[in-house]
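Reviewing the structure listed below.
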């Protein structure tokens with residue numbers, strides 16, 4: 001594809017991130033293919049991890065926080081019997097312990113400790129920041145920073161398969177969950193230690209795994225031009241589908257776009273965020289806050305090309 005200047009392009013890309021790339025490296029690769037003037041990802045995956053990384057282009061970046069806050073689903077393989085410095089296979093082995101022989105029923109008793117609302121201490125080898133610097137930078141210097149426990153919700157934890165020294169788990173969890181920590185903590189309960197061998201994000205915010213594509217697939221499509229690439233963009237309003245949909249009469253849409261409060265076509269008892277669409281064109285306008293009988297703008301899409 002010929003060299004082009006940055007362009008205005010809006011939507012969400014579902015990338016199947018390959019192993020070895022940071023989330024930002026993957027983002028920049030896709031951004032260059034689209035020549036998108038604006039782009040951002042929705043929650044980092046470690047270089048060791050693969051799988052779904054939603055990328056927001058253009059106006060979709062205004063709604064990236066909702067994908068960052070959404071539940072995630074992972075397939076992970078935990079290596080039993082070895083603790084490492086990083087909690088994954090890339091670290092140095094600290095200890096090796098014999099692995100207990102357990103039945104599936106006995107394992108389920110262990111897994112029950114990690115279902116529902118649990119507390120975690122974020123690992124030192126993480127991107128969580130302390131005084132503006134990621135924890136992993138302190139860890140590489142041998143400095144341990146005290147971290148506060150945080151509550152997360154594990155809505156599903158299912159054993160998919162097992163060998164003598166590995167457990168493969170399907171985990172659905174709330175934002176901020178460290179799967180690596182779950183692996184390490186399971187190892188501690190078993191008394192043998194453990195570390196993360198592999199991690200694949202199956203889904204974010206309910207997006208289907210079959211809709212994500214690899215970098216190689218995007219690069220191949222890019223050879224056909226922007227129109228082919230753009231056909232694989234997902235509408236930005238899918239990031240906020242959990243909000244109530246309200247159609248705005250055409251006469252009020254322009255006022256809303258100028259930041260004015262407008263009368264609400266529906267009445268809700270409690271103030272809440274809604275997603276708004278122009279009644280006639282069904283074009284997504286953005287988010288508003290409804291309070292009784294009025295709606296005020298909250299997060300609007302740039303509609304400079306929107307003919308009202």
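Being assigned by TED's automatic domain parsing to the domain that holds residue 152, touching a residue at least 24 places away in the same chain (Cβ under 8 Å) and surrounded by fewer than 21 Cβ atoms within 10 Å (Cβ to Cβ) narrows it down to one residue among 21, 107; which is it?
That would be 107, the only listed residue that is assigned by TED's automatic domain parsing to the domain that holds residue 152, touching a residue at least 24 places away in the same chain (Cβ under 8 Å) and surrounded by fewer than 21 Cβ atoms within 10 Å (Cβ to Cβ).
Results for (1) surrounded by 19 or more Cβ atoms within 10 Å (Cβ to Cβ); (2) at pLDDT below 95, shown as yes or no for each residue.
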position: 8; (1), (2): no, yes
position: 13; (1), (2): yes, no
position: 31; (1), (2): yes, no
position: 39; (1), (2): yes, no
position: 42; (1), (2): yes, yes
position: 45; (1), (2): yes, yes
position: 49; (1), (2): yes, yes
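Kindly indicate whether any position in region 258-265 is over 30 Å from residue 50 (Cα atoms), within 27 Å of the chain's Cα centre (by Cα) and at pLDDT below 90.
no
In region 231-257, how many residues are at pLDDT below 90 and either loosely packed, with under 12 Cβ neighbours inside 10 Å or closer than 13 Å to residue 282 by Cα (or both)?
Selection size over region 231-257: 3.
Could you say which residue among 115, 162, 89 is over 19 Å from residue 200 (Cβ atoms) and in the same structural domain as residue 186 (by TED's automatic domain parsing)?
115
Here's the yes/no breakdown for (1) assigned by TED's automatic domain parsing to the domain that holds residue 81; (2) touching a strand residue (DSSP E or B) at 6+ places or on another chain (Cβ under 8 Å); (3) assigned to a loop (DSSP other than H, G, I, E, B); (4) loosely packed, with under 15 Cβ neighbours inside 10 Å:
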site	(1), (2), (3), (4)
136	yes, no, no, no
143	yes, no, yes, yes
155	yes, yes, no, yes
175	yes, yes, yes, yes
184	yes, yes, no, no
196	yes, yes, no, no
210	no, no, no, yes
220	no, no, no, yes
229	no, no, no, no
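In region 263-283, how many residues are more than 19 Å from residue 240 (Cβ to Cβ) and in contact (Cβ under 8 Å) with a residue 12 or more places away in the chain?
Here the count works out to 3.
Is it true that residue 215 is closer than 26 Å to residue 35 by Cβ and either surrounded by fewer than 20 Cβ atoms within 10 Å (Cβ to Cβ) or not assigned by TED's automatic domain parsing to the domain that holds residue 16 (or both)?
Considered against the rule, which asks whether it is closer than 26 Å to residue 35 by Cβ and either surrounded by fewer than 20 Cβ atoms within 10 Å (Cβ to Cβ) or not assigned by TED's automatic domain parsing to the domain that holds residue 16 (or both), residue 215 comes out as yes.
What tally of residues in region 46-80 results from selecting those that are in contact with a strand residue (DSSP E or B) (Cβ under 9 Å, 6 or more places away or on another chain), assigned to a loop (DSSP other than H, G, I, E, B) and farther than 16 Å from residue 198 by Cβ?
Of the residues in region 46-80, 2 are in contact with a strand residue (DSSP E or B) (Cβ under 9 Å, 6 or more places away or on another chain), assigned to a loop (DSSP other than H, G, I, E, B) and farther than 16 Å from residue 198 by Cβ.
The values are calculated or read from the model by the stated rules, or taken from the named source; none is laboratory data. Treat the numbers as computed from the prediction; the structure is a model and nothing was measured. Note that we place each Cβ from the backbone using ideal geometry, even for glycine, and neighbour counts take in every protein chain shown.
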